[in-house]
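As structure tokens, the structure follows; a few thoughts come after it.
What follows draws every value from the coordinates through simple rules; no lab data is involved. Nothing here was measured: the structure is a model prediction, and the numbers come from that model. Cβ sites come from the backbone with ideal geometry, for glycine too, and all protein chains shown count toward neighbours.
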Amino acid sequence: MPFLEALGILVLAGLAWLWYDSLKAREAAVRAALMKVAGVQDARADAKAKSAWVKYDPAKVKPEQLVEAINKNTSFKARLP
């Protein structure tokens, strides 16, 4: 994982997905929360894998802020792997 973090790529594992209308809606909610964080360049969520992939600028955002964005702005709970 240190190599990925050096590139500013993080995989969030263990998203606790609650019931929601559809998998795509779940993924969109997580992506939207992440994309609002300054320094995030790209984000993808995978409801089936219960994870998210985030490309970000490590000089502008810390992994803990990404977890916080999901936990505060969605009904899902995230944690770092």
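Cβ crowding within 10 Å ranks 54, 37 as 37, 54, fewest other Cβ atoms first.
Of the trypsin sites (Lys or Arg not before Pro) found in the range 52-81, the ones in coil according to DSSP and having at most 13 other Cβ atoms within 10 Å of their Cβ are 60.
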